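Quick notes on the structure that follows.
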Amino acid sequence: MSKADGVSMSSSPTPVGDRTEESFRELTKLGDVGHQRVPTIEQDTYHERSGDGERTDVEIVTRALELGMNVVLKGNPGVGKSFLIRYLCAQTNRPLYRMTLSETTYREDLVGHLHLVSGENGETVTQWVDGPLTRAAREGGILLLDEINAADANTVAALNSVMESRGTRTLTIPQTGEQITPHEEFRVAATANPGFQGTYELNDAFEDRFRHIELEYLPVDVEVDLVLEQSTLDGGRREEITRLVEFAGRLREAYREGELSTPITTRELVRIAQFMTDDFMSLRDATRSELVARVDEYDESLVRTLIDTQL
């Protein structure tokens, strides 16, 4: 155990590796130090989308991270926001600390907390346990905060000082008095689902600490390829999966227009296709089985009708 101002710490941090001469898109790869928090994801498993100008979403996000920026990815559920960050960490040997925020998330959940444990001689000692924010800041990892606009202002205020420019950012732990200078590779990435019930408007000063990137659903042909690939459904069923993806597009449009309260994700389309494998279910039956049970009770009648009339 290490010590911080007389308080026992649960474990020592494992810093990231040094920068290498290689890069993935615009982001420099770090040396592989065998860090357990680095995700394992094969390259070419993320389908890049066209972004601003001629640059893809991956190029824009990696450029922002390379420049020392924090990023917030916005878009509907299921467009791949969290997966993109995990994917980039995997390709560049960056440890990932992930947390989903809500109105019941407190500052201590991010920073850490004190608890009592039995010491070596049987006495009770106070031990400090780093939260994901503190651990990522010490080690140079990426902190991924899902649904950042679902947390209240008091919670996200814990991020203000640590998200300043690299020369001035700090993280203070009030319980121990320790002041941490974040590792130079530390970044904050966040995802937001705009317009959801129970979400908060982030104040302008906090939003200004992020580079904002909007993600859209995949083009139809690319999403069809992805569903076929991940479901292992025979390629001869491509026409049916194209109908499924186009149908999902109509449901997503209904969601954007406020006619449907439940978003439709690519993950759900993959599950539908998996139940079509070996003719276990027809396209219509598999879709009905997946979506009717999934959507909000107020959407059920509309979704049943759309499946019966359009599939």
**Request:** For G112, enumerate residues with amide H under 5 Å from its amide H, sequence gap 5+ or separate chain, H modeled in the peptide plane.
**Result:** G131
**Message:** Treating only the Cβ of Lys, Arg, Asp and Glu as charged (+1, +1, -1, -1), what charge dipole size does region 25-112 show about its Cα centre? Round to the nearest 20 debye.
**Reply:** 140 debye
**Message:** Can you report the principal axis dimensions of region 168-262 using only the alpha carbons, biggest first, rounded to whole angstrom?
**Reply:** 63, 32, 23
**Prompt:** Looking only at E300, E216, E185, which one moves most when the chain is put into a Gaussian network model with springs between Cα atoms under 10 Å?
**Reply:** E300
**Prompt:** Near the amide H of T56, under 5 Å away, which other amide H atoms are found, from residues 5 or more places off or on another chain, if H is placed in the peptide plane?
**Reply:** G51
**Asked** Which order do D44, D57, D221 take by accessible area at a 1.4 Å probe, largest first?
**Response** D44, D221, D57
**Prompt:** Which entry in (1) 1.16; (2) 1.03; (3) 0.94 matches Rg/Rh (Cα atoms, Kirkwood Rh) derived from the coordinates of this structure?
**Reply:** (2)
**Relative contact order of region 156-311, pairs being alpha-carbon contacts under 8 Å that are 6 or more residues apart, as %** = 15 percent
**Request:** Keeping the other protein chains in place, figure out the carbon and sulfur percent of the accessible area of region 29-128, with a 1.4 Å probe.
**Result:** 41 percent
**Complete:** Spelling it out for Q175: with amide H atoms placed in the peptide plane at 1.01 Å from N, the residues 5 or more places away or on another chain with amide H under 5 Å from its amide H are none
**Request:** Using the charge dipole of the chain (Lys, Arg: +1 at Cβ; Asp, Glu: -1 at Cβ; taken about the Cα centre), state which of T287, Y97, G131 has its Cα farthest towards the positive end.
**Result:** G131
**Prompt:** Hey, what's the chain come to in accessible area per residue, 1.4 Å probe, Å²?
**Reply:** 50 Å²
**Prompt:** Are there GluC sites (Glu not before Pro) in region 46-115 that DSSP puts in a loop and that have at most 13 other Cβ atoms within 10 Å, and which ones?
**Reply:** E54, E103
**Prompt:** Over region 1-130, what is the relative contact order in whole percent, taking alpha-carbon pairs under 8 Å and six or more residues apart?
**Reply:** 28 percent
**Prompt:** Counting only protein heavy atoms, what percent of the accessible surface of region 198-311 is carbon or sulfur at a 1.4 Å probe?
**Reply:** 45 percent
**Item:** Solvent-accessible surface (1.4 angstrom probe) belonging to T100, in square angstrom, nearest 10
**Value:** 80 Å²
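The values are calculated or read from the model by the stated rules, or taken from the named source; none is laboratory data. All values derive from a computational prediction rather than experimental measurement. Note that each Cβ is placed from the backbone with ideal geometry, even for glycine, and that neighbours are counted across all protein chains shown. Side chains are part of the model used for accessible areas, which takes the heavy atoms of the whole protein and leaves out ligands, DNA and RNA. Shrake-Rupley method; radii C 1.70, N 1.55, O 1.52, S 1.80 Å.
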